[in-house]
Amino acid sequence: MSRFLLSRSPLLFLYRDVLERPLPSLPTLEAAPRPTVLPNVLPPEGVMRVLTKMQGVTRLMTQVMYGSGLRLMECCTLRCQDLRLDRREILVRNTKGGRHRITMIPDALIGPLGQQMESARRTMGRLAAAGGGYVELPHAFGIKSPRSSHHWVWMWLFPAAR
C-alpha cells in the first residue's frame, strides 16, 4: 500500500474553519517534509566588486540595504524622518510581517545619508517653490494632518519620479 505525504495545514483548515468540527485522529497521516533551502548570499569580496561598479544614489541605496539589512522596497520607501543619524538607527515601517522595526546604520554611511537627507530637503523646497512639493502620507494621517504632506521630514529619502 502506498503512503501519501500530505500537509496537515489544509486538512486542519478544512475541519476547523469550513466544517467547524475537530480533526479526527489520523495515525497514518505524516507531515510532508519541509524543504531546507539556504539563501544565496554574496561573499564580502563579491559585494565589494559590485559596489565598485556602482555610483550615486543607487550605490548609496545598495550600501544601506546591505549594511542595514533592508529589503528593496523597505529602502525605497524610507522617509527622511525614519533616519536617526545621531543614534545611528533606521526605523523601517511596514516590513514584510506588517510591523515596524529598528535597525542600525553603519558608521561609514552616516555622512552620505546626511547628505542625501539634505538633498531631499532641497528637492522638496524646489518643488514647493514651483507649486508642488508634497508627498503621500501614510493611511489616515493625511486626513488628520494634511499640512504634513508639505513638510520635508515626510519626503522620501530616495525620491523618484515613479
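The values are calculated or read from the model by the stated rules, or taken from the named source; none is laboratory data. Just so it is clear, the structure is predicted and the values come from calculations on it, not from any experiment. Cβ coordinates were reconstructed from backbone atoms using ideal geometry, including for glycine residues, and neighbour counts include every protein chain displayed. Side chains included, ligands, DNA and RNA excluded: accessible areas come from the protein's heavy atoms. Shrake-Rupley method; radii C 1.70, N 1.55, O 1.52, S 1.80 Å.
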Value of relative contact order over the range 34-162, rounded to a whole percent, pairs C-alpha under 8 Å and six or more apart:
24
What distance in nm separates the simple spin-label points at Arg99 and Arg21, each placed 7 Å from Cα in the Cβ direction?
3.7
Separation in nanometres of the label points that stand 7 Å from Cα toward Cβ, at Leu12 and Ile143
3.7
Can you give the local net charge around Leu85? Use residues other than it whose beta-carbon is closer than 12 angstrom to its beta-carbon, Lys and Arg +1, Asp and Glu -1.
-2
Can you find, among Met117, Met61, Pro44, the residue farthest towards the positive end of the dipole of the chain? Put +1 on the C-beta of Lys and Arg, -1 on that of Asp and Glu.
Met117
So how strong a dipole does the range 106-153 carry about its Cα centre when Lys and Arg Cβ are +1 and Asp and Glu Cβ are -1, to the nearest 20 debye?
220
Looking only at GluC sites (Glu not before Pro) in DSSP loops with at most 16 other Cβ atoms within 10 Å, what is the longest site-free stretch of the chain?
21-135
Sorted by accessible area with a 1.4 angstrom probe, largest first, how do Asp82, Asp107 fall?
Asp107, Asp82
The range 90-162: mean projected area of Cα convex hull, nm²
6.0
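Per residue, how large is the accessible surface of the range 4-162? Use a 1.4 angstrom probe and give square angstrom.
74
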Between (i) 0.93; (ii) 1.19; (iii) 0.95, which entry matches Rg/Rh (Cα atoms, Kirkwood Rh) as derived from the coordinates of this structure?
(ii)
Heavy atoms only, probe 1.4 Å: what % of the accessible area of the chain goes to carbon and sulfur, would you let me know?
58
Helical segments meeting 24 Å axial Cα length and Kyte-Doolittle 1.0 threshold in the chain (DSSP H):
none
